[in-house]
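Just below is one structure, and these are the notes that go with it.
What follows draws every value from the coordinates through simple rules; no lab data is involved. Just so it is clear, the model here is predicted, and its values are computed rather than measured. Here the Cβ positions follow ideal geometry from the backbone for every residue, glycine too, while neighbour counts run over all protein chains shown.
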Amino acid sequence: MLTSLRKTWYVTAKDLLIVAKDRGAWMTLLVTPLVVIVIVSFALSPVYKGGSLHATLLVSNHDAGGLGKQLTDSLAASPNITIQAAGDRESKTLKQGGSSYGLSLVIPPDFSARVQAGQSVQLQVYDDPNSTTAAPFLKGMIDGAASRFSAVEVAAKAAVSAAIRQNPHADAAAVASRASAAAGAQIANQPIQVKEEPAAGVKTLNTFDIETPGFAVMFLLFGVMIGAEGLLEERDKGTMGRLLVAPVSQASILGGKLLAQFAVSMVQITLLFAVGHFAFGMDTGNSLAGLALMLAATAFTATSFGLLLAALTKTRRQASSVGILAILLMSALGGSWWPLDIVPSFMRKLGHLSMNAWALDGIKGIIIQGQGFIDILPQAGVLLAYGSVCFLIGLKMFKFRAA
Amino acid sequence: MLVQADNLVKKFGKVNAVDGVSFSIGEGQIFGLLGPNGAGKTTTISILSTYLKPTSGEATVDGFSVTRQAGRVRNIIGFVPQEIALYPTLTALQNLKFYGKMYGLGGAALTERCRNVLELVELWERRHDNIEHFSGGMKRRINLGAGLLHNPRFLLLDEPTVGVDPQSREHIFDTIIKIRDNGSTILYTSHYMEEIELLCDRIAIMDRGKVIASGTLKELLKMLGEGGVIELEVAPPGCPAGLEARITDQQEVTGIRKEGNKLFVSSSDSARSLPPVMKVLEEAGCQVSSLELYAPSLEKLFIQLTGKELRE
């Protein structure tokens, strides 16, 4: 027994030495995932990052009166908007109903007259249909500002009527103009702002909190795929055969190799999380023990997936083709590329056929939702059961001897 | 006998890769399995090494069954596969240490055995170089060395010189002879007739899964005639009855074999036998369209036994 364990360890140590000397493997295991995580996290930071929204608004003001300018000034006073006055060419384009300038506002020539007359007025706003972030907020701001102008003008008009009723000799036009100007100035002094505030109890997300776990799990699977290829290579190149005729059991050979793969997976996912945390501020939650359990369960299940892959395929090339397809499918469905919260319900259920979904439920539960060790036990349990099934099927089907 | 193989059969689907192979190997001998690719040599050596189980038949090494007592057999044997079964990104020393540990070696004994083996294959100076940086011949030498670490009583070498340069081949031959001189018994497979002739004490010639001839080199060559062979192509193909017996009666003729319109006449002195043989043929009204005299060799024996070249 002791001899078998010792020989298992020798196989493990040999495999770890091979991985340690393989620079290409470390590129795949660590450098590539880090590059991808950093790029994706920075690229998607506007989607997840908290703080004020901001956009540039192109304004083509044709208003003959003063309210158009007051509306523009009101918007310009908002920290969310930078106003850019439209030039002749841009104004002409906007006038013809087209815009390729992103978010644009056209104030018509009769804006002041119609507002002061209490009539409806139409402001033309062009937006970028592909923008999913700032545009909707800013359109809301413009609508709000315009309606406030109307309301103030109606109030001013009512005030003028009241003043004339009290003093029939008063200069109605002068009173209306002063009331309107005062109201406009009041609006300009109260710029509209849009500011995102996190809901109470919900932490502000760092993009690395979201992207690191997903891509770490995906690249963990790529790591075990390389391990599965190595297992098949060992069989095909004769080193496995040489071990099989040595006084060492098959259990020691396979056990040693799987132990090495598990160790490499643990080192890989731990280093990816460590870099995410220390270099990019990724949160690790309140339960390091819970996170360690989830990472270990994920590494175990990934290792078992690698064994299953080696068992179900005959050649290294086959393992690579099948492995890439399976990993990409599991990653897409299981939430490695985007949060499962945003996908339809049936996709979420389908996604939980993959190990990625269970791993990410547990890991994100800890680092995003602040769950504890006990909270993630169900996810860890399912993940370990998932890995055990893969392990047993792989063990049963793996062929030590080449056909 | 250290090794005994009795009526070994190995089927892969409907194909009999090994079909009733029997032989025995005495302690300290180098036993050669000679045959073309696909003859069943590697399957036979795989059964003896415990890598494959025979479909039927039995083989023993030092009295232990290769099927029922595989664990005992594995402690006695050393196996050098046809492939370079080494880890290319590890050094020569790291490879040897790993395999040595698999055979239960450790500590100072392992260090000493690694040194001895590296010196034996003359690669001690390159022990810290990765295998991937070695030439084909050097890889073969380390591949051989990895099978020697535990001083096996029975060493199985499967085509150990495939793809190596002549200098490395000579080196491997020297090493094998040293191993034999140290008391190991060796089973050596090859499709190179010269290697088998040079190294082996006893030889079995295999073709299509069967042993078609076996014995010492001298015994095998005797089958052709010690003095060589006269190969005659005669017309018409159907020579008169009794012709073969009349030829056999001639001076120095030791045997005759007919194959189509060819006659293979073995002789203890083919030059002296040729005139009387030609006279018998002339008297029988047979015309000789071609004639060849050659010295006995395993190559010619193989052709005579199978009708095809050894390297086909």
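The table below gives the values:
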| quantity | calculated |
| --- | --- |
| Residue B:58 long-range amide H proximity, modeled H, under 5 Å | B:6, B:8 |
| Cα gyration tensor, region B:62-164 - rounded (a/c under 1.5), prolate or oblate | oblate |
| Cut-off 12 Å between beta-carbons: net charge of the residues surrounding residue B:280, Lys and Arg +1, Asp and Glu -1 | -2 |
| Mean Cβ neighbour count within 10 Å, used as a protection proxy, ranking A:307-317, A:359-369, B:199-209 highest first | A:359-369, B:199-209, A:307-317 |
| Within-11-Å neighbourhood charge of residue B:16 [Cβ basis; K, R +1; D, E -1] | +4 |
| Length-normalised contact order of region B:1-115 in % [C-alpha pairs under 8 Å, at least 6 apart] | 22 |
| Relative contact order of chain B, defined on C-alpha pairs under 8 angstrom at six or more residues apart (%) | 20 |
| Peptide-level mean, for A:235-243, of C-beta atoms on other protein chains within 10 Å | 6 |
| Net dipole in debye of the protein assembly as shown [+1 Lys, Arg Cβ; -1 Asp, Glu Cβ; about Cα centre; nearest 20] | 1620 |
| Distance in nm between pseudo-label sites at residue B:291 and residue B:15 (7 Å out along the Cβ direction from Cα) | 4.4 |
| With Cα atoms, 0 to 90° folded angle of helix B:166-181 axis to chain B main axis | 80 |
| Residue-averaged beta-carbon neighbours from other chains (10 angstrom radius) around B:72-80 | 3 |
| Average beta carbon contacts from partner chains per residue of B:82-89, 10 Å cutoff | 5 |
| Candidates per trypsin sites (Lys or Arg not before Pro) in region B:61-118, loop by DSSP, up to 16 other Cβ within 10 Å | B:68 |
| Value at 222 nm in deg cm²/dmol, rounded to 500, when DSSP H runs of n ≥ 4 in the protein assembly as shown each add -39,500 (n - 2.57) | -16500 deg cm²/dmol |
| Cut-off 13 Å between beta-carbons: net charge of the residues surrounding residue B:154, Lys and Arg +1, Asp and Glu -1 | +2 |
| Shape category assigned to the protein assembly as shown from the gyration tensor of Cα positions, a/c cut at 1.5 | prolate |
| In degrees, nearest ten, helix B:92-102 long axis to first principal axis of chain B (Cα) | 90 |
| Length-normalised contact order for region B:207-312 - Cα pairs under 8 Å, 6+ apart - percent | 35 |
| Estimated FRET transfer efficiency when R0 is 35 angstrom, pair residue B:27-residue A:23 (beta carbons, to 0.05) | 0.10 |
| Listed residue (A:145, B:254, A:274) projecting farthest to the positive dipole end of the protein assembly as shown, Cβ model | A:145 |
